[in-house]
Amino acid sequence: EDAWVTSYQRQVPHWHSVSLSHQHSTIPISISRVNQFDAARLDIELSAMLKEQLVKVFSLMKPGMLFQYEPELDAFLEFLIWRFSIWVDKPTPGIALMNLRYRDERAVALRGKALPTSLVCLTPYLSAVRTGLEGPGLTFAQKMWYCVAAVGGQYIWARLQSFSAFRRWGDSEQRPLARRAWGLMQRIEGLYKAASFGNLLIFLYTGRYRNLIERSLQARLVYESPNMNQAVSFEYMNRQLVWNEFSEMLLLLLPLLNSSTVKSFLHPFSKDKSSSSKEDDSICPICRASPTLVYLALPCQHRYCYYCLRTRCAAVPSFQCSRCSEPVVAMQRHGSVVEHKTQ
């Protein structure tokens, strides 16, 4: 018995060190790339909705006034989203909807170095179950640099582009300094797009850091709750696709339909055509207004506006009267001689 107690006391410090090492270990995790892209898209849509509502406030002011301050407006909205989300250790609305949050990957990497490789196999039995999603949020410096890059950087670049386009730095007639500045801007933009494309390829392979700002700050998106159901519902998407296809079909077919033909087809099914005939006989059945220049459709002698009847007869050679569906063979001014519709 004394030998068991002595052996246990010898192993206690060893097991304690392994437990502490396990608390700082890093578990490899995989975050859905689709969720990360969807979070970025939702944030863009939210910013567009806020901008639309803000523009409506100034709808009665001078037209084009907000166009001059569009970069400032975009920067203001992005700053508001950053101020009430990332600055207070909360995810942006799009990131929250996708059950994600930002994690400081540098702090997680430093903690993972404390685990000896020979003790990795023992760590799952020494403490509570971990998911690999643990880790601190962004630091104060990371938050500030995120605001400078995402808000200030985009605003400065948008203003610089608009100013250079207004001053026409790219024209050959400008001063050499302006042309050099324009060429430098084009090279910087090309390098940024190339770097963004390379970062996209790396992101698709590793699933980390959607853009260059997140990669430079080591701010990784991880799941907020590991137990949240990640099921995707396509009900809204299917409904949207059906309505889009239906609206496109209507836009294609409606110009091909003749309204007079449709009216004449539905006229026999009208319920109160006998009671409303006397009431509607004094107005033009096409424009539903009192005719200024009255013409009669022959042989039925119903009253029309001259321009309504002339355009319909010219567009449709076999035009039928909108009241009685009888083919119109000629037109006559009220109280005058017959005028054929082929004239």
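The values are calculated or read from the model by the stated rules, or taken from the named source; none is laboratory data. Keep in mind that this is a model prediction, so the values were computed, not measured. Because the Cβ atoms are built from the backbone with ideal geometry, glycine has one as well, and the counts that use them run over all protein chains shown. Just the protein is used for accessible areas: all its heavy atoms, side chains included, with ligands, DNA and RNA removed. Shrake-Rupley method; radii C 1.70, N 1.55, O 1.52, S 1.80 Å.
In segment 66-96, which residues are assigned to a helix (DSSP H, G or I), of a type in the set (A, V, I, L, M, F, W, C) and open to solvent by less than 70 Å² (accessible area, probe 1.4 Å)? Talk me through it step by step, then tell me what you get.
The first filter runs over segment 66-96 and keeps only residues assigned to a helix (DSSP H, G or I), leaving 66-68, 70-83, 93-96.
If we keep only those that are of a type in the set (A, V, I, L, M, F, W, C) as well, we get 66-67, 73, 75-77, 79-82, 95-96.
Listed by number, the residues that qualify are 66, 73, 75, 77, 80, 81, 82, 95, 96.
Condition test on residue 54, is it of a type in the set (A, V, I, L, M) and either under 21 Å from residue 140 (Cβ atoms) or at pLDDT below 85 (or both)?
On the way: of a type in the set (A, V, I, L, M): yes; either under 21 Å from residue 140 (Cβ atoms) or at pLDDT below 85 (or both): yes.
Judged against the criteria, residue 54 is a match.
Given (1) under 22 Å from residue 84 (Cα atoms); (2) open to solvent by 70 Å² or more (accessible area, probe 1.4 Å), where does residue 150 come up short, assuming only one miss?
The one condition residue 150 does not meet is (2).
Among the numbered conditions (1) open to solvent by less than 80 Å² (accessible area, probe 1.4 Å); (2) within 23 Å of the chain's Cα centre (by Cα), tell me where residue 160 comes up short.
Going through (1) open to solvent by less than 80 Å² (accessible area, probe 1.4 Å); (2) within 23 Å of the chain's Cα centre (by Cα) one by one, residue 160 breaks only (2).
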